[in-house]
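A short write-up of the structure that comes next.
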Amino acid sequence: MYALAQFMSTLSGKIALVTGGGRGIGKAIALALAAAGCDVAVNYVSREVDAQATSDAISALGRRTLVAKGDVSKSADVTALVTAVEAGLGPVDVLVNNAGRVVFESIDQMSEASWNEIIEVNLSSVFLMTQAVLPGMRARKWGRIINLTSVAAQAGSTMAVHYSAAKAGVIAATKSYARLLAREGVTVNAISPALIATEMVASNPNVKPDMIPVGRFGTVEECGDVAVLLAENAYITGQTIGINGGMYLGS
């Protein structure tokens with residue numbers, strides 16, 4: 001019975017939307033959700049080729065998919081994005097708020113403009129996307145919202161105060177939405193990765209595997225595994241799951 005249940009995912013036929021899903025962690029999550037049975041919309045803002053490659057890989061898994069351009073920090077783009085996904089695939093059941101941006105600046109370099117931009121891209125986008133899909137989730141009494149935060153939100157950053165603040169806001173929003181929606185069949189959780197082997201980490205010569213207790217960078221696939229866990233599980237909500245190889249051990 002258990003062996004059979006392993007192949008009967010609760011995600012079969014669900015519609016997932018992954019923002020910034022063309023590469024890195026977003027791509028891995030999109031592919032993992034597709035492998036678990038979801039039809040997946042891949043959002044991008046500028047790198048269409050990457051988004052299309054992810055979509056092609058999803059198609060190869062036998063799932064329906066589409067690519068949808070949109071700046072998720074802009075309300076008009078969010079409305080158009082969600083409308084396109086609903087028309088092409090159906091109402092969104094699983095939202096992954098993965099899109100984000102980091103700029104490394106000292107306190108002296110950081111300006112009001114850069115502060116506002118980082119807050120909009122990393123935190124306001126979570127609000128806008130969540131508000132756009134939430135009415136449908138609440139009406140259907142089923143939904144999964146997975147927000148990508150960062151260890152910088154938990155431990156602080158010496159070179160990106162605005163990014164740390166935005167990602168800390170994501171954790172607070174995750175907890176608040178989870179409390180409000182717990183009895184409505186909608187779970188809200190966060191994933192907090194650190195030093196995952198992505199393009200950004202690989203390009204930084206100051207970042208080395210020996211900075212991590214397990215002695216290696218994390219893989220994007222390990223992030224995808226956790227996203228599927230959170231999407232399948234109806235009892236986990238309001239949690240921030242650290243994927244950091246022991247780099248940060250706090251709550």
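Any read-out appearing in this document is the output of simple, stated calculations on the displayed coordinates, not a laboratory observation. Note that the coordinates shown come from a computational prediction; the quantities given were computed from them, not determined experimentally. Cβ sites come from the backbone with ideal geometry, for glycine too, and all protein chains shown count toward neighbours.
Under a model in which nothing but the beta-carbon of Lys, Arg (+1) and Asp, Glu (-1) is charged, region 1-98 shows a dipole of about 140 debye around its Cα centre. Dipole magnitude for region 113-243: computed about the Cα centre from +1 point charges on Lys and Arg Cβ and -1 point charges on Asp and Glu Cβ, it is near 540 debye.
Using 13 Å as the cut-off for backbone N distance, which residues of region 47-73 belong to the label zone defined by a point 7 Å from the Cα of A80 along Cα→Cβ? In region 47-73, the label zone of A80 (backbone N under 13 Å from the point 7 Å along Cα→Cβ) covers 68-73. Neighbour counting of Cβ atoms within 10 Å sorts the residues I25, I15, fewest neighbours leading, into I15, I25.
Kirkwood hydrodynamic radius of region 109-226, from the reciprocal of the average inverse Cα-Cα distance over all distinct pairs: 15.9 Å. Using just its DSSP H runs of length 4 or more, each adding -39500 (n - 2.57), the chain gives a mean residue ellipticity at 222 nm of -13500 deg cm²/dmol after division by all residues.
In this Cβ point-charge picture (+1 for Lys and Arg, -1 for Asp and Glu), the chain has a dipole of about 680 debye about its Cα centre. When you work out D = kT/(6 pi eta Rh) for the chain at 20 °C and 1.002 mPa s, using the Kirkwood radius from C-alpha pairs as Rh and the Stokes-Einstein form, the result is 118 µm²/s.
For the chain, the relative contact order comes to 19 percent (Cα pairs under 8 Å, sequence separation of at least 6). With K and R counted +1 and D and E -1, the other residues having a Cβ less than 12 Å from that of M200 yield a net charge of +1. Note on the chain: GNM, Cα springs under 10 Å; of G21, G238, G156, the largest mean-square fluctuation is that of G156.
If you run the Gaussian network model on the chain, springs between alpha carbon atoms under 10 Å, then out of T130, T158, T174 the most flexible one is T158.
At 37 °C and 0.692 mPa s, grab the translational diffusion coefficient of region 81-121 from Stokes-Einstein with a Kirkwood Rh over Cα pairs, rounded to a whole number in µm² per second.
In µm²/s, the coefficient is 253.
Comparing A178, V42, I241 along the charge dipole axis of the chain, the residue lying farthest to the positive side is A178, per the Cβ-charge model. Just so you know, the Rg over Rh for region 129-188 is 1.09, from Cα atoms, with Rh as the Kirkwood radius. When the chain is treated as a GNM with alpha-carbon contacts under 10 Å, the residue of L195, L61, L33 showing the greatest mean-square fluctuation is L61. Directionally averaged projected area (region 1-137, Cα convex hull): 9.7 nm².
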